[in-house]
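Every read-out reported here was derived from the displayed coordinates using simple, explicitly stated rules and does not represent laboratory data. Since the structure is predicted, the reported quantities are computational estimates derived from the model, not experimental observations. When we count neighbours, we look across all protein chains shown, and the Cβ atoms used for this are built from the backbone with ideal geometry, even at glycine.
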Amino acid sequence: MKLKIGITCYPSVGGSGVVATELGKLLAEKGHEIHFISSSMPFRLNKVYPNIYFHEVEVNQYSVFKYPPYDLALSTKIAEVAKREKLDIIHAHYAIPHAVCAYLAKQMVGEQLKIVTTLHGTDITVLGYDSSLKDLIKFGIEKSDAVTAVSKALVEQTYDLVRPNKQIETVYNFIDERVYKKQDASHLKKEYGIAPHEKVVIHVSNFRQVKRVQDVVKSFHLIQEKVPAKLLLVGDGPEMSVICQLVTKLGLKEKVLFLGKQENIEELYSISDLKLLLSEKESFGLVLLEAMACGVPCIGTNIGGIPEVIEDGETGFICELGDIESIAQRAVHLLTSQQSYQTMVSKALAAVNERFHSTTIVNEYEQLYYRIMESS
Ligand code: GMT
């Protein structure tokens, strides 16, 4: 049976928007009809799919409102699209506002509209601490017909922090293997002025405080003392100026390349030898999977879902938060031992294919949809 699925997400650059968009694309390729409902076109939706539709949520600014009522506009839009297109399911990415808006829409449309909510992290690990929002998050979760989280760690954290009376299943993130694979991008290395013998360390994030980019720079400082290397910092965000200052202070200006926000990151991974993700909060770390799929081993912190993505000593390394010495030590070991490096690359590639393959994950979501449709 082909389904009509509405997907609501934050469309901007960020893991949850990427996963929601990729899921929609792959479901559409399986013949389902997909309706994205969000404030702007999901950024990875870059070609025409005849069975993918985009419904823009427009928020009018009336002077009676102190704040633009985005949540209400979204709820109305979901209800309007669900009614007109006879949607079977709304897949909400994030408990608030999306699951709550979906529930409000359901009240307007009728019980036949099913809600699947996927928790991505920030809604729980940041907002779950906010007592003014906790009850609403719990409500959004409990009113969903099915709830998933992107790692086992996030499932546990949700029960600890929000205590919902609801089963939450783990469905891991995935990547489009057709995009994330090693390519010949050697010209880039030259164009960036990176010598052939220099190793390339990469970090990709939105430079929020939780990403601890300063730990990446400090680790790199130790790494480049032992191995000739350059650091690619990809992305932009609130911590950028602090990081620039640190790079200057440590005398690393010639060795750190600030690349800003980039698309086609697979090309940058293709010239990289090692990725660092040293966050203090990370429900999954989609960027790890993207790097591993391009044959780049990763070092991550022992935080949230990261140890579920990187198998310590096998597909990469897990280090304690802020333990710069041991992060650098592991990195130097990896970058200087050809044989163990190649073994790790092979294992990382195998893990992406075996545990996180898009076919497996998209099937898991599809089965979940059929299950809740049958239970009505
Ligand atoms: O990491 C961010 O700041 C962005 C955030 C988002 O909402 O896109 O990412 C979250 O969802 C991703 C997709 O499931 C996960 O890979 C990230 O680990 C998660 N971020 C955090 O938990 C901090």
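A few remarks follow.
- Ranked list, fewest to most other Cβ atoms within 10 Å of each Cβ, for 215, 176: 176, 215
- Rounded to the nearest 10 degrees, the inclination of helix 358-374 to the longest alpha-carbon principal axis of the chain is 20 degrees.
- The range 340-376: GluC sites (Glu not before Pro) in DSSP coil with no more than 12 other Cβ atoms inside 10 Å: none
- C-alpha long axis of helix 324-336 to longest principal axis of the chain, angle in °: 70 degrees
- Length gained on full extension, residue 54 to residue 80, computed as 0.36 nm times the residue gap minus the Cα-Cα distance: 8.0 nm.
- Scaled against 2.2 N^0.38 Å for its residue count N, the alpha carbon radius of gyration of the chain is 1.02.
- Order of 155, 287 - criterion: other Cβ atoms within 10 Å of each residue's Cβ, fewest first: 155, 287
- Ascending count of other beta-carbon atoms within 10 Å, so fewest first, for 204, 234: 234, 204
- Helix 100-109 and the longest principal axis of the C-alpha atoms of the chain enclose an angle of approximately 30°.
- Cross-link partners of residue 86 among aspartates and glutamates (Cα-Cα below 14 Å; sequence separation of 8 or more within a chain): 33, 111
- Unit Cα scatterers, Debye sum, the range 186-355: log10 I(q)/I(0) for q = 0.08, 0.16 Å⁻¹: -0.20, -0.87
- Fully extended contour minus Cα-Cα distance, from residue 29 to residue 1, at 0.36 nm per residue: 8.7 nm
- Volume per residue that the Cα convex hull of the range 27-86 spans, once the total is divided by residue count, Å³: 93 Å³
- Whether the range 155-278 is rounded, prolate or oblate, judged on the alpha carbon gyration tensor where a/c under 1.5 counts as rounded: oblate
- Scanning residues 5 or more positions from residue 115 or on other chains, those with amide H under 5 Å from its amide H are 90, 145, 146, with H placed 1.01 Å from N in the peptide plane.
- Distance violations [Cα-Cα > 32 Å] among 47/189; 2/106; 182/281; 25/182; 2/347; 47/218: 2/347; 47/218
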